[in-house]
1. For R371, enumerate residues with amide H under 5 Å from its amide H, sequence gap 5+ or separate chain, H modeled in the peptide plane.
2. Between the stretch 362-397 and the stretch 288-353, what is the C-alpha centre distance in whole Å?
3. Using alpha-carbon pairs under 8 Å, 6+ residues apart, how would you state the relative contact order of the stretch 169-266 in percent?
4. Choose one of S321, N309, A336: the residue whose Cα lies farthest towards the positive end of the charge dipole of the stretch 302-428 (beta-carbon charges +1 Lys, Arg; -1 Asp, Glu; about the Cα centre).
5. Students often check this: by mean Cβ neighbours within 10 Å, which of 328-335, 394-401, 223-230 ranks highest, and how do the rest follow?
6. Roughly what angle does helix 249-263 make with the longest principal axis of the chain, taking Cα atoms, 0 to 90 degrees, to the nearest 10?
7. Please list, or write none, the lysines whose alpha carbon is within less than 17 Å of the alpha carbon of K107, excluding same-chain residues fewer than 8 places away.
8. Checking a compactness column here: for the stretch 67-160, what do you get for Rg(Cα) / (2.2 N^0.38 Å), N being the number of residues?
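The values are calculated or read from the model by the stated rules, or taken from the named source; none is laboratory data. Predicted model, so just to flag it, every value in this text is computed and none were measured. Glycine also receives a Cβ, built like all others from the backbone with ideal geometry; neighbour counts cover every protein chain displayed. SASA here: full protein model, heavy atoms, side chains in, ligands and nucleic acids out. Shrake-Rupley method; radii C 1.70, N 1.55, O 1.52, S 1.80 Å.
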Amino acid sequence: MTIAGDWGFGMCSDYTFLSSIFRRVGGAFYLFDGRKFHDNYVDLRDRLRRHWPDTELAYAMKANYMPPIGRLLVELGGWAEVVSAFEYRVARASLPGERIIFNGPIKSERDLRDALGAGSQLNLDSFREIQLLKRIAPEFGRIEVGLRVCFDFPDLVSRFGFEVEGGELEEALAALDSIPGLEVTGLHCHATRRSLGVADPVERVERLCRLAGRLLPRYPIRTINIGGGLLGDMPDSLRDQFAHAVPSLAEYADAIGRAFSRCSPTTSMRLMVEPGTSMVANCMSLVAPVVETRRRRGAWQALLDTSINSLNPTRSSTRPSLKVVSSSPSEAGRRAREYRLVGNTCMENDILCEGVTGPLEAGDFVIFENRGAYSLNYTPPFIVPCPAVVDDQGRLLKRADSPETILASYLSPAHVGSEEDHHEYHVD
Ligand SMILES: Cc1ncc(COP(=O)(O)O)c(C=O)c1O
């Protein structure tokens with residue numbers, strides 16, 4: 001892999017710009033480009049709407065729940081998808097309850113009550129949740145719920161939702177039938193097999209539509225939700241590593257939209273999609289300074305002030321796409337070498353990237369592209385906590401986590417054991 005010394009990202013690849021941010025935030029940082037999120041969201045939504053006007057995108061907050069993204073969703077009139085009480089509260093800080101979908105395997109009685117009270121769409125995942133709903137149903141006159149289902153895909157056994165072919169779904173429906181005032185109005189499936197390309201969401205469209213058609217005489221299904229799992233726009237150096245073709249957002253939209261138009265059992269059905277990665281991956285880069293270069297058994301390593309936990313917390317095997325912004329205006333006197341890039345933790349396996357060839361020196365910045373999804377909120381506070389986030393104008397969006405922010409949830413000795421700080425854990 002040969003590193004490029006120059007790249008077309010405007011001011012964000014300017015050394016003076018990067019070093020001024022670096023000095024202000026005191027270390028590595030993420031650069032966020034909100035316009036890209038806006039464009040990704042609008043491109044996918046509006047293209048789907050050309051095929052099926054009643055389409056909404058519920059952005060999967062788990063991919064990156066930064067408040068600036070919540071604000072963008074408000075501007076876009078968008079929706080959010082969440083999978084825990086924590087994420088639900090984060091989403092509610094920006095969005096009205098009616099534009100939040102609550103999925104996830106562990107919802108407490110309180111979570112169900114809060115979500116129903118706020119008009120959010122609940123997708124039930126288990127018999128346990130049905131039992132909880134039974135308990136609280138008398139508090140509500142009418143209740144609408146969706147059901148997460150899973151199909152017998154030959155290459156995937158999903159741990160989520162009610163199995164359709166195994167009979168679980170019918171059992172769940174029978175249990176729900178006994179709750180007065182309850183209506184099943186939605187079906188949801190997020191069991192993804194990305195290597196199938198557009199055939200992956202299309203198969204979910206087809207199977208959910210067929211299922212909805214079967215259930216419609218008994219249940220007023222109004223929403224079909226095909227989950228997420230789409231890949232987004234990415235540099236060629238990432239795209240080329242996939243063993244399968246990577247569809248564009250336009251190709252996904254056309255394939256999903258055509259399939260839905262062909263298969264929807266009614267003309268009044270709402271199509272819901274829950275994209276996470278594809279909306280946010282290309283909106284954020286991680287910028288890390290080179291601290292030193294050093295020989296190691298005849299080879300070279302460059303130490304960067306970031307870690308594998310910020311760069312690749314999910315330990316994806318995809319090699320990162322990176323660019324170098326050099327600290328010196330000319331390459332004169334710099335020697336191109338092959339480097340192993342290593343991180344700032346004490347783990348031997350904190351290796352950011354192997355076999356990077358180019359001139360690299362202390363003071364340079366390495367920019368890792370496409371770091372927006374499952375990076376920021378997946379970074380643990382291990383050795384060096386999560387870095388700052390800055391927008392493409394250099395404005396601070398999030399400070400780097402600090403001893404104060406990380407230790408804030410620990411009690412002082414005076415409070416240990418005190419009742420007012422004792423929150424009981426409820427899963428019911
Ligand atoms: C229920 C649900 N919806 C949507 C998503 C978003 O998936 P992706 O980021 O692959 O688009 C996820 C991710 O795990 C999910 O669990």
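1. Amide H neighbours of R371: M284, S285, L286.
2. Cα centroid of the stretch 362-397 versus Cα centroid of the stretch 288-353: 15 Å apart.
3. Values: 105 pairs, mean separation 35.6, N = 98.
Relative contact order here is 36 percent.
4. The residue sitting most towards the positive pole is A336.
5. Numbers: 328-335: 10.0, 394-401: 15.0, 223-230: 24.2.
Packing proxy ranking, top to bottom: 223-230, 394-401, 328-335.
6. 10
7. K62, K134
8. On the way: Rg = 14.3 Å, N = 94, 2.2 N^0.38 = 12.4 Å.
In units of the globular-protein estimate, the stretch 67-160 measures up at 1.16.
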